[in-house]
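> One structure is given below, represented as structure tokens, and several questions about it will come after.
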Amino acid sequence: MKVQPLAIPDVLLVSRERFTDARGWFTELHNDAALRDAGFTVTFVQDNLSWSLPGVIRGLHLQYGPAQGKLVTCLSGQIFDVAVDVRPGSPNYGHHVAADLSGENGDSLWIPPGFAHGFAVLGGEPALVLYMVDQPRSAEGERGVTWNDASVAIPWPIERPILSERDAALPTLAELQPPPLGEG
């Protein structure tokens, strides 16, 4: 397993070894000991799965109370995966990083608590995306930032995405409700 920080060093790209032969390939998707050896101190408490059509953008989502970190893996298809720093007082506040994740490359993105997350489905096939999270879902703590916030300036590879009603109505970063004291 290889773990490398991106331009915002708290966001990590996780690459796994694949064992390939004439039948296909095999990889260890989750190995707690290997993650700990790579410096992860996170305990994952829930796995979530989404299936999205080409042209879909999901996000940008985050959770406060408790803040939630995510290890995101595209199991099939291809996504442009984005993390936006929304931690009040962070030197990277409002900045984003992105990675191309696919069933083909097998990479994952660690998005720590205090980051908004979203992705765009690329190519001509649907994407199956696994989210391993370190806190259970809190409906009261769910927040988000609109995908096309000019202040964040994400270079989405889709001009007219398919959005949920909820995602289409998300506020800008400037309008984002801050976390309750001690939960950001």
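The values are calculated or read from the model by the stated rules, or taken from the named source; none is laboratory data. Source: prediction; values computed, not measured. As a convention, Cβ positions derive from the backbone with ideal geometry for all residues, glycine included, and neighbour counts pool all protein chains shown.
> Report yes if Asn48 is under 26 Å from Ile154 (Cβ atoms) and either modelled with pLDDT under 95 or surrounded by 14 or more Cβ atoms within 10 Å (Cβ to Cβ) (or both), otherwise no.
no
> Let me ask something else. Scan region 158-177 for residues that are under 28 Å from Gly124 (Cβ atoms) and among the polar types (S, T, N, Q) and jot them down.
Within region 158-177, just Ser164 meets the criteria.
> Pairs needed: first member in region 1-27, outside any loop (DSSP other than H, G, I, E, B); second member anywhere, basic (Lys, Arg); C-beta distance under 6 Å; at least 6 residues apart or different chains.
Ser15/Lys2; Trp25/Arg18
> I'm checking my understanding of the structure. Among residues of region 136-145 that are surrounded by fewer than 20 Cβ atoms within 10 Å (Cβ to Cβ) and touching a residue at least 24 places away in the same chain (Cβ under 8 Å), which one is farthest from Pro66 (Cα to Cα)?
For region 136-145, the residue satisfying everything is Arg143.
> Name the residue, out of Asp107, Asp149, that is within 30 Å of Gly24 (Cα to Cα), among the acidic types (Asp, Glu), touching a Leu at 6+ places or on another chain (Cβ under 8 Å) and modelled with pLDDT of 95 or more.
The unique qualifying residue is Asp107.
> Continuing with this model, one more query. Going by what's in this entry, would Leu62 be described as crowded, with 20+ Cβ neighbours inside 10 Å, in contact with a strand residue (DSSP E or B) (Cβ under 8 Å, 6 or more places away or on another chain), in contact (Cβ under 8 Å) with a residue 24 or more places away in the chain and over 18 Å from Asn105 (Cβ atoms)?
For Leu62, the condition - crowded, with 20+ Cβ neighbours inside 10 Å, in contact with a strand residue (DSSP E or B) (Cβ under 8 Å, 6 or more places away or on another chain), in contact (Cβ under 8 Å) with a residue 24 or more places away in the chain and over 18 Å from Asn105 (Cβ atoms) - is met.
To keep it simple, each residue is scored yes or no on (1) in contact with a Leu (Cβ under 9 Å, 6 or more places away or on another chain); (2) over 13 Å from Val133 (Cα atoms).
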position: Asp10; (1), (2): no, yes
position: Arg16; (1), (2): yes, yes
position: Thr27; (1), (2): no, yes
position: Ala38; (1), (2): yes, yes
position: Ile57; (1), (2): yes, yes
position: Gln63; (1), (2): no, no
position: Pro66; (1), (2): no, no
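> When region 146-156 is examined, which residues are found to be within 15 Å of Val97 (Cβ to Cβ) and surrounded by 17 or more Cβ atoms within 10 Å (Cβ to Cβ)?
Val152, Ile154
> Now for a separate question. Within region 80-131, can you find the residues that are free of Cβ contacts under 8 Å to residues at least 12 places away in the same chain and in contact with a Gly (Cβ under 9 Å, 6 or more places away or on another chain)?
Passing the criteria: only Gly89.
> Ok, one more. Looking at Asp32 and the list (1) exposed (fewer than 12 other Cβ atoms within 10 Å of the Cβ); (2) modelled with pLDDT of 95 or more; (3) in contact with a Phe, Trp or Tyr (Cβ under 9 Å, 6 or more places away or on another chain), which single condition is not satisfied?
Condition (2) is where Asp32 drops out.
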